[in-house]
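Data block below; observations after.
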Amino acid sequence: STWGFYKTIITKFYQPNNLSSFSSKRMFYSLAEITRVLGQDAALKMKEQGVSFSAHKKIISPNLFPTTRPINLLVLTKNSEKKVFENLSGPPKEVSVHIGDVETLIKVASQSNTESVVLSWESVKSDLESLITQIPRLSWVHSSTAGVDRIMSPVISQSCPVLTNAKGAFSSSLGEWAIFSSMFFLKRVPEMRESQEKKEWNVLVIEELRGKVFGIVGYGDIGRECATRAKFLGMKVLALRRRPELSSVEEGIIDKIYHPNDLNQLLSECDFVVNSLPLTNETRGMIGKEQFDSMKKNSVFINVGRGATVDENALIVALKEEKIKGAALDVFQQEPLPSTHPFYEMTDKVLLSAHCADRTVDYDQLTMNIFLENLLRFLNHQQLENIVDLKNGY
């Protein structure tokens, strides 16, 4: 009762004699959250049946789906044996599920005049183009990834009635990675590891995140997760987005919002810069020599957006000439990154991960959850979420 402010952070307090109860607790979505996604009737039915939604795996019961909208669900994938596809056994018999490669699904689509939905599971652009152009009654295409730049094309834009993505599925992990990257340099981890390998007792002077300026270029879902964590740790948060009017400093997270025209000004104020831009015609190569020249000499550049939004040659020069302190990179212009790339040799200045900052153990389930929630909306004739702007590409 004496902890005041901390009650807004800690969900529940336990006394020492309740330790066994504390250790056995599991976290589940609240009834209110289930109601928001599925509707009140379905939520109450779940409560009566004792069905729960865990934070990592949602249990979908067949009798929660309506049975008045027959569809073909075509899952385009190179690996039809993925365990996550077991989730698709839940919908009723009116939903005919077909899982396979492009040839298999084209055959199914050509023999049916039933309304069709396509789930593109990490499929390549050419396969998706071939499939959706041969479906007589295509109503909706969903991408299992959050970024859709690898599948966007004029054919996709013209042939998709609606395209949705997995926005939000991986943002939490990427937000954590951005904070981890900040600490990696601020706490001087490379030097600690070097001293350990040399068996040297090297007392280092480190810094705090508290009071540092954390900038986000591309304030979407990923940027918001980064900002929330940075603010909680006592950092000043600046953000840039194409439409600043969609955010407000009154949210209590962002201290100042910038228009893209003011990119260099934002960069000049930051100790850490997180790039979470999607890849579009406008953002390709958006961060280059001029931008790195604008950054503080002791600043760190963190990229969790798209590799092609950054001029990597300019970044290499900025690192070699010590115009910035370091870089944490999860995405690259070319993936896999060639073994001859300079980034591999810059171990004291570059933290490198192989586009896996969001590859959590429940990666497949997280993206499947996004699709299942939208499938429920679709079958209920409700508005879909995560609709991609086919013109802007995100």
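The values are calculated or read from the model by the stated rules, or taken from the named source; none is laboratory data. This is a predicted model, so every value here is computed, not measured. No Cβ is skipped: glycine too gets one built from the backbone with ideal geometry, and neighbour counts run over all protein chains shown. The protein model used for the area step is the full one, side chains on, heavy atoms only, and it has no ligands, DNA or RNA in it. Shrake-Rupley method; radii C 1.70, N 1.55, O 1.52, S 1.80 Å.
Brief remarks follow.
- Lone unmet requirement of (1) among the β-branched types (V, I, T); (2) touching a residue at least 24 places away in the same chain (Cβ under 8 Å); (3) outside any strand (DSSP E or B) for V205: (2)
- Flag: V310 matches the condition of being touching a strand residue (DSSP E or B) at 6+ places or on another chain (Cβ under 6 Å) and crowded, with 23+ Cβ neighbours inside 10 Å.
- Some residue of segment 272-282 being open to solvent by 40 Å² or more (accessible area, probe 1.4 Å) and either more than 23 Å from the chain's Cα centre (by Cα) or on the phi > 0 side of the Ramachandran plot (or both): no
- Output for segment 116-129, where each listed residue is of a type in the set (S, T, Y), crowded, with 17+ Cβ neighbours inside 10 Å and either farther than 18 Å from V95 by Cα or in contact with a Cys (Cβ under 7 Å, 6 or more places away or on another chain) (or both): S123
Each row is one residue, and each column tells you yes or no for (1) touching a Lys or Arg at 6+ places or on another chain (Cβ under 9 Å); (2) free of Cβ contacts under 8 Å to residues at least 24 places away in the same chain.
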{"residue": "S139", "(1), (2)": "no, no"}
{"residue": "Q158", "(1), (2)": "no, yes"}
{"residue": "S173", "(1), (2)": "yes, no"}
{"residue": "E176", "(1), (2)": "yes, no"}
{"residue": "K187", "(1), (2)": "no, yes"}
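- Cβ separations smaller than 8 Å between residues 6+ apart or across chains give the following pairs from segment 272-299 residues that are in contact (Cβ under 8 Å) with a residue 12 or more places away in the chain and of a type in the set (F, W, Y) to residues that are open to solvent by 40 Å² or more (accessible area, probe 1.4 Å) and not in a loop (DSSP other than H, G, I, E, B): F292/V317.
- All conditions but one from (1) within 26 Å of E321 (Cβ to Cβ); (2) of a type in the set (D, E); (3) surrounded by fewer than 17 Cβ atoms within 10 Å (Cβ to Cβ) apply to E251; the one that does not is (1).
- Only one entry of N380, N298, N303 meets the criterion of being within 19 Å of G220 (Cα to Cα), of a type outside the set (G, A, S) and either at pLDDT 95 or above or open to solvent by 10 Å² or more (accessible area, probe 1.4 Å) (or both), and that entry is N303.
- Any pair with Cβ under 6 angstrom, 6 or more apart, that starts in segment 336-351 at a residue that is closer than 19 Å to K325 by Cα and ends at one that is in a helix (DSSP H, G or I) and among the aromatic types (F, W, Y): V350/F343; L351/F184
- Which numbered condition Q334 misses (of (1) open to solvent by 40 Å² or more (accessible area, probe 1.4 Å); (2) of a type outside the set (A, V, I, L, M); (3) more than 22 Å from the chain's Cα centre (by Cα)): (3)
- Within the option set R242, R193, R210, being within 30 Å of Y394 (Cα to Cα) and either open to solvent by 60 Å² or more (accessible area, probe 1.4 Å) or not in a strand (DSSP E or B) (or both) holds for one residue only, R242.
- Sole exception among (1) open to solvent by 40 Å² or more (accessible area, probe 1.4 Å); (2) touching a strand residue (DSSP E or B) at 6+ places or on another chain (Cβ under 9 Å); (3) within 30 Å of N380 (Cα to Cα) for S172, by number: (2)
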